[in-house]
Amino acid sequence: MLTGMTSEPEQQIGVGTPDAFQRLWTPHRMAYIQGESKPSGPGAGDGCPFCEIPSKSDEDGLIVARGEQVYAVLNLYPYNGGHLMVVPYRHVADYTELDGPETAELADFTKRAMVALRAASGAHGFNIGMNQGAEAGAGIAAHLHQHVVPRWGGDTNFMPVVGHTKVLPQLLGDTRTMLAGVWPAEPLSV
């Protein structure tokens, strides 16, 4: 048994129901929960962070790589270390709105992300996808983005289930530097 943990409920002072769980507080997540930095509307000029990020330096915007049509950026609220997104520069909401060059480069950057994540961190697998619309779970539904989440055997544990907490082994800036250093320079598409 861990030090300080008992099987008996602990007396809590203040709000809360006594139980045997210890708490790991992650107040920084409230920014995401409360919608900080989310667009005020559907237009490109409505505070869309995906429209604003490209104007920042790679370091400040957590941009891993820039293409002609899309860019790769780390997720501020990652599911796993190295979780990044491939985002078109053009403000479009739906996958069907992408033109041919955007679609091709989005696919190529997804491949490059996989290559870079394997080289940098030995990822065993990936969850890749996009949520189309707020009803489908898109946090920023007005600007299309594809998630690339690296996975490893045994990468899930009790923390997300019991502690509602993710343990990330590296600062986002360090992850960005590592991935940018191994990002394939040439397109992988045929």
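Just a few scattered comments:
- Tally, over the stretch 128-156, of residues that are of a type in the set (Val, Ile, Thr) and touching a helix residue (DSSP H, G or I) at 6+ places or on another chain (Cβ under 7 Å): 3
- Residues located in the stretch 122-132, provided they are in contact (Cβ under 8 Å) with a residue 40 or more places away in the chain and open to solvent by less than 50 Å² (accessible area, probe 1.4 Å): ALA123
- Test: VAL115 is surrounded by fewer than 20 Cβ atoms within 10 Å (Cβ to Cβ) and out of contact with any Cys (no Cβ under 8 Å at 6 or more places or on another chain): yes
- Residue list for the stretch 90-120, restricted to those being under 16 Å from the mean Cα position of the chain (by Cα) and small (Gly, Ala, Ser): ALA113, ALA116
- Single condition ALA141 does not satisfy, out of (1) touching a Phe, Trp or Tyr at 6+ places or on another chain (Cβ under 8 Å); (2) closer than 17 Å to VAL87 by Cα; (3) surrounded by 16 or more Cβ atoms within 10 Å (Cβ to Cβ): (1)
- Cβ separations smaller than 8 Å between residues 6+ apart or across chains give the following pairs from the stretch 169-185 residues that are open to solvent by 60 Å² or more (accessible area, probe 1.4 Å) to residues that are part of a helix (DSSP H, G or I) and among the aliphatic types (A, V, I, L, M): GLN170/MET178; MET178/ALA120; GLY181/ALA120.
- Within the stretch 63-110, the residues that satisfy the criterion of being of a type in the set (Phe, Trp, Tyr) and open to solvent by less than 40 Å² (accessible area, probe 1.4 Å) are TYR71, PHE109.
The values are calculated or read from the model by the stated rules, or taken from the named source; none is laboratory data. Predicted model, so just to flag it, every value in this text is computed and none were measured. Note: ideal-geometry Cβ built from the backbone for every residue, glycine included; neighbour counts use all protein chains shown. Calculation scope for accessible area: heavy atoms of the full protein, side chains included, ligands and nucleic acids excluded. Shrake-Rupley method; radii C 1.70, N 1.55, O 1.52, S 1.80 Å.
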